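This report concerns only the one structure given below.
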Amino acid sequence: MARAANFLYMFHFAVDDLVITRINRCAPVEYATCVEITFRNSVYVEICTPQPQCGKCCIFALESPVTPDDRLQIHVYKKRSNKCKFLLGLSELEIYSRFEKVNRDFDIENANWSLNLQMNKLEIPTLKDSNHGVLDRCDCFNSRYPRFEQLSPTSTMFKTMLPLFNLCRQQTGNLVLITRLVAQGPTIVSSFCKLGNKYVPSESSPDQNTCFIRSNDVHNQK
């Protein structure tokens, strides 16, 4: 099924291991080691001084469908700032098949979701047409009838060891990257409340956090 421009995805990235075997001798040792992950113009994530079990998540939309030529770009630097960094190695990761999987699973998990969204909009009462009959029909008693705030997301997670190369095509090390791709649908809904003079996220169970990942989801990946 074709995806609208406002269809939302989310990446989770965690660096499980990083080994540099060929040192960039121009790079100051005291600079932070940073992993920069880029996908098209939509995603840029920086993980500096990677720590086990820690990472970042990024919500994004696509300007056009993913193709087999698209790649996730990974660069590792010794970095002081965006204008002062030294390349330790780079790599890329095929990503098309991952998008195909989450899209296919999303369509299965949320059958006819695009049509249902259109029908929900048509059935909303308005000042010009109350649509009173919609509120009293037998479908109202069907457990599948209610309109949900957001659809059920689907995801795929994979752990990959990537060789790193310099611009001279010499291997400089290896990076083990844990990646999770989530198809969120057209909306993400969360709650907030006022605390003092600020509005803050409402207290909720950890599994309601946008970036939530079950620990066994990681352990079960090959």
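The values are calculated or read from the model by the stated rules, or taken from the named source; none is laboratory data. What you see is a predicted model, and the numbers here were worked out from it, not measured in a lab. Cβ atoms come from the backbone with ideal geometry, glycine included; neighbour counts cover every protein chain shown.
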Residue that is surrounded by the fewest Cβ atoms within 10 Å (Cβ to Cβ), among those in region 15-43 that are under 26 Å from residue 67 (Cβ atoms) and among the aliphatic types (A, V, I, L, M): 43
Region 100-114 residues that are within 14 Å of residue 10 (Cα to Cα), paired with ones that are part of a helix (DSSP H, G or I) (beta carbon under 8 Å, 6 or more apart): 106/113
Total residues in region 80-98, condition modelled with pLDDT under 95 and either closer than 23 Å to residue 160 by Cβ or outside any strand (DSSP E or B) (or both): 2
Residue within region 57-75 that is more than 17 Å from the chain's Cα centre (by Cα), surrounded by 16 or more Cβ atoms within 10 Å (Cβ to Cβ) and in a strand (DSSP E or B) present: yes
Filtered residue count, region 44-56, keeping only those that are surrounded by fewer than 14 Cβ atoms within 10 Å (Cβ to Cβ) and at pLDDT 95 or above: 1
Among residues of region 164-193, those that are part of a strand (DSSP E or B), of a type in the set (S, T, N, Q) and within 16 Å of residue 35 (Cα to Cα), counted: 3
Residue count, region 166-179 (criterion: more than 16 Å from residue 95 (Cβ to Cβ) and in contact with a Leu (Cβ under 6 Å, 6 or more places away or on another chain)): 2
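Table: residues versus (1) among the hydrophobic types (A, V, I, L, M, F, W, C); (2) under 22 Å from residue 187 (Cα atoms).
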{"site": "19", "(1), (2)": "yes, no"}
{"site": "22", "(1), (2)": "no, no"}
{"site": "27", "(1), (2)": "yes, no"}
{"site": "33", "(1), (2)": "no, no"}
{"site": "39", "(1), (2)": "yes, yes"}
{"site": "43", "(1), (2)": "yes, yes"}
{"site": "49", "(1), (2)": "no, no"}
{"site": "53", "(1), (2)": "no, no"}
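Conditions (1) touching a residue at least 12 places away in the same chain (Cβ under 8 Å); (2) closer than 14 Å to residue 183 by Cα; (3) touching a Phe, Trp or Tyr at 6+ places or on another chain (Cβ under 9 Å), marked per residue:
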| position | (1), (2), (3) |
| --- | --- |
| 46 | yes, no, no |
| 77 | yes, no, yes |
| 87 | yes, no, yes |
| 90 | yes, no, yes |
| 96 | yes, yes, no |
Any chance residue 163 is under 30 Å from residue 21 (Cα atoms), surrounded by 11 or more Cβ atoms within 10 Å (Cβ to Cβ) and either out of contact with any Cys (no Cβ under 7 Å at 6 or more places or on another chain) or modelled with pLDDT of 65 or more (or both): yes
Test: residue 36 is under 26 Å from residue 170 (Cα atoms) and either of a type outside the set (Lys, Arg) or assigned to a loop (DSSP other than H, G, I, E, B) (or both): yes
